[in-house]
Amino acid sequence: MRRIGLLGGSFNPAHRAHRRMSLAAMEALGLDEVWWLVSPGNPLKSATGMAPFAARLASARLQARRAPIKVSDFEARVGTRYTVDTLHKLLARHPRHRFVWLMGEDTVAQFHQWRRWRDLARMVPIAVLSRPGYDDDARAARAMGWLRRFVRPRGQARDWTRWSAPAIIFLRLPPDRTSATALRALDPDWHNRFACNMSGPSRVDPDNNRRELGRRP
């Protein structure tokens, strides 16, 4: 059994806070590795200003190098658009792994807008990663009206594989105010730097096992 943290997102672009939060979550939760699920298109985000998928994937690979972080184009390959569908397929294809969903505090306020978010919460435990300035908003989020009864003590973080979902834990991680929005404002054409890396095979999972993950239907 491998203990895997899943961090989904646009990675537009991937940056140091993604990496630092992932490594800190690995330590807090006792994970073997983290998988970054680069989204082909977030249904809750405008396509305006969204860099090409291949550039976002390449930026994630750059940030993840020399770390126990695996960058995945799984959603693009299997054709899922919503996280609940992605998790359903991941759990079916990796029955021996244990997964925990990693979510930034800045995302919790939108969680109630995710498709079948309660079903998602029943599939895997959720670990909320602290983000500077979002603690109050996360605790007051609409979805927390339902999730609050399933909050686990921070001191039990390494016991998450014993939990039955729904289960949610709020982790206190070293602060990092790096923001993809701010990075795009400073360099709107950042994705052009990855033009030469926007082809070739992708690191889909830890073994780049195309036979296992398959092609998009």
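Counting just the residues of segment 47-67 that are in a loop (DSSP other than H, G, I, E, B) and in contact with a helix residue (DSSP H, G or I) (Cβ under 7 Å, 6 or more places away or on another chain), which one comes out nearest to T181 (Cα to Cα)? First the steps, then the outcome.
In the first step, residues of segment 47-67 are kept if they are in a loop (DSSP other than H, G, I, E, B); the result is 47-52, 65-67.
Now narrow it down to the ones that are in contact with a helix residue (DSSP H, G or I) (Cβ under 7 Å, 6 or more places away or on another chain): 49, 51-52, 67.
Working: G49: 10, A51: 12, P52: 16, A67: 24 Å.
Applying the filter and picking the extreme gives G49.
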Taking the condition of being among the small types (G, A, S) and over 24 Å from R177 (Cβ atoms), how many residues in segment 117-142 meet it?
1
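For segment 42-57, name all the residues that are touching a strand residue (DSSP E or B) at 6+ places or on another chain (Cβ under 9 Å) and of a type outside the set (D, E, K, R).
N42, F53, L57
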Selection within segment 140-177 - at pLDDT below 95, surrounded by 14 or more Cβ atoms within 10 Å (Cβ to Cβ) and under 24 Å from L31 (Cβ atoms)
L173, D176
Suppose we keep only residues that are surrounded by 19 or more Cβ atoms within 10 Å (Cβ to Cβ) and not hydrophobic (A, V, I, L, M, F, W, C) within segment 32-74. Which one would you say is nearest to W117 (Cα to Cα)?
S39
Could you tell me which of the residues V124, V108, V100 is in contact with a Gly (Cβ under 7 Å, 6 or more places away or on another chain), buried (at least 20 other Cβ atoms within 10 Å of the Cβ), farther than 15 Å from N42 by Cβ and of a type in the set (A, V, I, L, M)?
V100
(1) farther than 19 Å from T107 by Cβ; (2) modelled with pLDDT of 95 or more: which one isn't true of M1, the others all being true?
(2)
Take L44 and decide whether it is within 17 Å of M103 (Cβ to Cβ) and part of a strand (DSSP E or B).
no
Residues within segment 76-92 that are more than 19 Å from L31 (Cα to Cα), in contact with a helix residue (DSSP H, G or I) (Cβ under 8 Å, 6 or more places away or on another chain) and touching a residue at least 60 places away in the same chain (Cβ under 8 Å), tallied:
5
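Condition test on L102, is it touching a residue at least 24 places away in the same chain (Cβ under 8 Å), within 17 Å of the chain's Cα centre (by Cα) and in a helix (DSSP H, G or I)?
Values: touching a residue at least 24 places away in the same chain (Cβ under 8 Å): yes; within 17 Å of the chain's Cα centre (by Cα): yes; in a helix (DSSP H, G or I): no.
So L102 fails the test.
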Go through segment 183-196 and report how many residues are aliphatic (A, V, I, L, M), surrounded by 11 or more Cβ atoms within 10 Å (Cβ to Cβ) and free of Cβ contacts under 8 Å to residues at least 24 places away in the same chain.
0
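Do you know which residues across segment 75-88 are surrounded by 20 or more Cβ atoms within 10 Å (Cβ to Cβ) and over 12 Å from V38 (Cα atoms)?
To start, the set of residues in segment 75-88 that are surrounded by 20 or more Cβ atoms within 10 Å (Cβ to Cβ) comprises 75, 80, 83, 86-87.
Once the filter is applied, which keeps residues that are surrounded by 20 or more Cβ atoms within 10 Å (Cβ to Cβ) and over 12 Å from V38 (Cα atoms), segment 75-88 yields only L87.
The values are calculated or read from the model by the stated rules, or taken from the named source; none is laboratory data. Predicted, not measured: the structure shown is a model, and the values here were computed from it. Counting neighbours? That spans all protein chains shown, and the Cβs are built from the backbone with ideal geometry, glycine included.
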